[in-house]
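Just so it is clear, none of the values below were taken in a lab; they were calculated from the coordinates. Not measured: the values here are computed from a predicted model. Neighbour counts run over all protein chains shown; Cβ positions are idealised from the backbone, glycine included.
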Amino acid sequence: MSQITPAIFRQPNPAVVQLLPPSVDIEFNSIKFSVITKSTPKQILKGVDGMFKAGTINAILGPSGSGKTTLLNILSKRINQTKHSQLSGEVIANNSLFSKEQFGKFGAYVM
């Protein structure tokens, strides 16, 4: 008769562990974004700060045109500074900077 080892003492199965989503905290500090129009720069975000803790559900609320989609695009690295826009501030995941490609490994955002 074979003996069954309780789950608490078993070695983790690497295939299963790789399927689990990573635990990631996203923090953003002093996010400012403006677009350069024909006449003057238009400020879209003005020093936005926040944090999304792993395992929580968050909501971004505001009226039309308040910058909600712009913020999400910046957090997911879909917007970068160009000659027609100015972007400043810091977006980090688990206390580290990340690229657009790295975001795809721990997050998803569908418009």
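In region 16-111, which chymotrypsin sites (Phe, Trp or Tyr not before Pro) fall in coil by DSSP and have 15 or fewer other Cβ atoms within 10 Å?
On the way: sites: Phe28, Phe33, Phe52, Phe98, Phe103, Phe106, Tyr109; in loops: Phe98, Tyr109.
Here the chymotrypsin sites (Phe, Trp or Tyr not before Pro) that fit, given the DSSP loop and packing criteria, are Tyr109.
At 0.36 nm per residue, minus the direct Cα-Cα distance, what do Ser88 and Ile57 gain on full extension? Give it in nm, one decimal, please. Let's see the in-between values first.
Values: separation 31, 0.36 × 31 = 11.16 nm, distance 2.60 nm.
Result: 8.6 nm gained on full extension.
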